[in-house]
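Here's the structure we're looking at; comments come further down.
Read the figures in this text as sums done on the coordinates, not as results from a lab. These numbers come from a predicted model, not from an experiment. Neighbour counts are summed over all protein chains in view; Cβ atoms, including those assigned to glycine, are modelled from backbone coordinates with ideal geometry.
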Amino acid sequence: MSADKDRPPVVAVLNSNDDTVEMLRLMLEVEGMLAVSAHLDSIKRGEFDFGNFLREHDPKVIIFDIAPPYDRTWMLFRHFRGIDAAKGRTFVLTTTNRDRVVEIAKPDQDVFEIVGKPYDMGLIVGAVKKALDI
């Protein structure tokens, strides 16, 4: 068996809330995945190279939080989704206000609302597992 097949699937968590990142990381790891994370605020300020992060960690799935201000974060997401390093990766979108994101962005995929309940995290992990086909 190759080393790559022995490696757990890598999932990137991009969020501005440290507690949410930690909850997702723990849930992903319990399910046998390796979670890597980056703080969305650092990315927004240009202190973090998203393309290099993707090339270095090679996540198959990226959990990306659409945080307020929703319109700006949506534009950032669309930009990141279009860069070469993101090609072939699946994005799972989260937010604290799904209705507002849908109203503003009219996304072409599901957006999972996080309000801190374990059920929310379970839905997100389920979407990640589906994207990984596990």
Give the calculated FRET efficiency between Asp19 and Asp84 to the nearest 0.05, with a Förster radius of 30 Å applied to their Cβ-Cβ distance. 0.40
For the chain, what Kirkwood radius comes out of the mean inverse Cα-Cα distance, in Å? 15.0
Between Leu123, Ala86, Val11, whose Cα lies farthest towards the positive end of the dipole of the chain when Lys and Arg beta carbons carry +1 and Asp and Glu beta carbons carry -1, centred on the Cα centre? Ala86
Kindly provide the helix-only [θ] at 222 nm of the chain, computed as the sum of -39,500 (n - 2.57) over DSSP H runs of four or more divided by all residues, to the nearest 500 deg cm²/dmol? -14000 deg cm²/dmol
Cα-based reach from Lys44 at 18 Å (exclusive), listing aspartates and glutamates while leaving out same-chain residues under 8 positions away: Asp18, Asp65, Asp71
Report the residue, chosen from Ile104, Ile43, Ile62, that carries the largest GNM mean-square fluctuation when the chain is represented by alpha-carbon nodes joined by springs under 10 Å. Ile104
Dipole of the chain, Cα-centred, from +1 at each Lys and Arg C-beta and -1 at each Asp and Glu C-beta, to the nearest 20 debye? 340
If you build a Gaussian network model of the chain, linking Cα atoms that sit under 10 Å apart, which residue out of Gly46, Gly122, Gly32 swings the most? Gly46
Going by the alpha-carbon gyration tensor, a ≥ b ≥ c the square roots of its eigenvalues, is segment 1-52 rounded (a/c under 1.5) or, if a/c is not under 1.5, prolate (a/b greater than b/c) versus oblate? oblate
With the chain treated as a Gaussian network of Cα nodes joined by springs under 10 Å, which of Arg55, Arg45, Arg81 yields the largest mean-square fluctuation? Arg45
When the Karplus curve 6.51 cos²θ - 1.76 cosθ + 1.60 is applied with θ = phi - 60°, which whole-Hz ³J(HN,Hα) does each residue of segment 18-23 get, with x for Gly and Pro? 4, 5, 5, 4, 5, 4
Anything over 18 Å Cα to Cα? Flag those among Lys5/Lys60; Lys106/Lys130; Lys60/Lys130, in the order listed. Lys106/Lys130
Would you mind checking which residues have amide H under 5 Å from Thr94's amide H? H placed 1.01 Å from N; only 5 or more apart, or other chain. Phe64, Asp65, Ile66, Phe112
For segment 63-75, in order, what is each residue's ³J(HN,Hα) by Karplus, 6.51 cos²θ - 1.76 cosθ + 1.60 with θ = phi - 60°, in whole Hz (x at glycine and Pro)? 8, 10, 8, 8, 9, x, x, 4, 5, 5, 5, 5, 4
